[in-house]
Amino acid sequence: MRVLQVVPHLPPPFEGVGTYAAALARELGGEGGFLVGDPAWTGSRENGARAVPARTAAALLAALDAAGETGAATGAVLLHYANYGYQPRGCPAWLVEGMERWSGRLVTVFHEVCATGPPWRSSFWLRPAQRRLAAALARRSDAIVTTLDLYAGLLHPWTADREIMVLPVFSTVGEPAALPAWGERERRIVVFGGAGVRSRAYGPWLAALERAARDLDAKEIVDIGPPIPLPAMAGGIPVRPLGVLPAGEVGAILLDVAAGFLAYPPDFLPKSTIFAAYCAHGTLPVCAWNGSPTDPANAAPYWTGSGDPAQVAGDCHRWYAGHSLRVQAARFRALLTGPPGQGRER
């Protein structure tokens, strides 16, 4: 199929939303392209990518028209909305205005809706403006996808006349067709991801990582990602840095190790590509954070230190299978090829 995806950025380097969009494009197949919402972006044009010339509604409309003329889209756009990716304060008015003025079919993936924070943080004061922009974009969209039930609840008042499809993110480092038995895996724990999330594992959540390694009888902790300060040992267990690896190599390691560690809020696990990678490869997700999910009925499964780890790893893989990349591609195809204007407020 032919569809244009609008994204904040594209890899390299690794970038969560852009990596997600690139993997989805490969699974959808056919022709298409990307429109990057950063005028300063200078990445590869091999995948049909171009940058908006300026962050204005007029520049966006011109770029959308140009993409259609070159065959990159046939009136359907898949917009990945992560508001801070398009504007430093999370208020991309130019993007929303441009999409409101554009007449083609629009499917929006809300990776974010609006920020929260205490009164001494700017996010508290920006939240009303962010909500207004998200509401306008939701009303304009012909179909809506989001990654969390929490976000669907925020969007519902603006889209009460249509369904919001909730699809937790998929693995961006592959989905193996067959898994080794959990008991046959190497007694190693992986810490994988960007600098920020891994720094939490070795900082405030180091004790939880050490406890998991001890409980699972791990012989080694393997670190995958960009360079950060690392301890040589964690709870007497050696930490081995592997640096940044290609997706295929990451997947091969995850398929061989017993567990993956992640310090992340439980309510937001469905939007973590790291968590998705662990689940897709049958790697036991060990997640540490303060508190439990606020909505246990919609919570993603993970290991907290109790229960049979092999069973939990299996539960996580089965949970993931319901929204794998192949499953999601089929659902996106249906949304992108629907009749013009379906579900949009008039």
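To the nearest 20 Debye, how big is the dipole of the stretch 206-346 about its Cα centre, given +1 on the beta carbon of each Lys and Arg and -1 on that of each Asp and Glu? Write down the numbers at each step before the final one.
Details: 11 positive and 12 negative charges, 131 e Å.
Roughly 620 debye, rounded to the nearest 20.
What helices does the chain hold that run 20 Å or longer along their axis, going by alpha-carbon atoms, with a Kyte-Doolittle average of -0.5 or more, using DSSP H for the helix calls?
Both cut-offs are met by 122-140.
Restricting attention to the chain, give the cysteines that have no other cysteine Cβ less than 4.7 angstrom from their Cβ.
When partners are defined as cysteine Cβ atoms under 4.7 Å apart, the chain leaves C91, C114, C287 without one.
To the nearest 20 debye, what charge dipole does the chain have about its Cα centre, counting +1 at the Cβ of each Lys and Arg and -1 at the Cβ of each Asp and Glu? It would help to have the intermediate numbers written out before the result.
Numbers: 31 positive and 29 negative charges, 150 e Å.
Computed charge dipole of the chain: roughly 720 debye.
Going by average Cβ neighbours within 10 Å, how do the peptides 242-254, 37-49 rank, with the highest at the top?
Details: 242-254: 15.5, 37-49: 13.8.
Top to bottom by mean Cβ count within 10 Å: 242-254, 37-49.
Using Cα-Cα distances under 8 Å and only pairs 6 or more residues apart, what relative contact order does the chain have, in percent? Intermediate values should be presented prior to the final figure.
Values: 659 pairs, mean separation 51.5, N = 346.
Relative contact order here is 15 percent.
What number, in percent, do you get for the relative contact order of the stretch 233-346 if the mean sequence gap of Cα pairs under 8 Å and at least 6 apart is divided by its residue count? Numbers along the way, then the final one.
Values: 108 pairs, mean separation 23.1, N = 114.
Answer for the stretch 233-346 is 20 percent.
Please list Y278, Y84 from largest to smallest accessible area, probe radius 1.4 Å, with all protein chains kept in place. Each step should come with its number before you reach the end.
Numbers: Y278 0, Y84 85 Å².
Ranked list, largest accessible area first: Y84, Y278.
Give the distance, in whole Å, between the Cα centre of the stretch 186-204 and the Cα centre of the stretch 237-262.
So the separation of the two Cα centres works out to 10 Å.
Out of residues 5 or more away from L79 or on other chains, whose amide H comes under 5 Å of its own, with H placed 1.01 Å from N in the peptide plane?
Those qualifying (amide H under 5 Å, at least 5 residues apart or on another chain) are V6, V107, T108, V109.
Under the rule of -39500 (n - 2.57) per DSSP H run of 4 or more residues, summed and divided by the residues of the chain, what mean residue ellipticity at 222 nm is obtained, to the nearest 500 deg cm²/dmol? Intermediate values should be presented prior to the final figure.
Working: 12 runs with 124 residues, N = 346.
Roughly -10500 deg cm²/dmol at 222 nm, from the helical runs in the chain.
Once Lys and Arg get +1 and Asp and Glu get -1 on their Cβ, which of T159, I274, V250 lies farthest toward the positive end of the dipole of the chain?
T159
Amide H to amide H, which residues 5 or more places from A51 or on other chains are under 5 Å from it, using H placed in the peptide plane?
Answer set, sorted by chain and number: V36.
Can you pull out the GluC sites (Glu not before Pro) in the stretch 87-181 whose DSSP state is coil and whose Cβ has at most 12 other Cβ atoms within 10 Å? Could the numbers behind the result be given before it?
On the way: sites: E97, E100, E112, E163; in loops: E112, E163.
Here the sparse-neighbourhood loop sites are E163.
What is the magnitude of the charge dipole of the stretch 250-330 about its Cα centre, with +1 placed on the Cβ of each Lys and Arg, -1 on the Cβ of each Asp and Glu, and no other charges, expressed in debye to the nearest 20?
Values: 3 positive and 5 negative charges, 43 e Å.
For this selection, approximately 200 debye.
Going by amide H atoms built from the backbone, whose H comes under 5 Å of the H on V190, apart from near neighbours?
Counting only residues 5 or more places away or on other chains, the set is V222, A259, G260, F261.
Can you tell me which of 148-161, 200-213 comes out highest on packing, and rank the rest after it, using the mean Cβ neighbours within 10 Å? Working shown, then result.
Values: 148-161: 16.6, 200-213: 18.9.
With the highest mean Cβ count within 10 Å placed first, the list reads 200-213, 148-161.
The values are calculated or read from the model by the stated rules, or taken from the named source; none is laboratory data. What you see is a predicted model, and the numbers here were worked out from it, not measured in a lab. Because the Cβ atoms are built from the backbone with ideal geometry, glycine has one as well, and the counts that use them run over all protein chains shown. Ligands, DNA and RNA are excluded from the accessible area calculation, which covers all protein heavy atoms including side chains. Shrake-Rupley method; radii C 1.70, N 1.55, O 1.52, S 1.80 Å.
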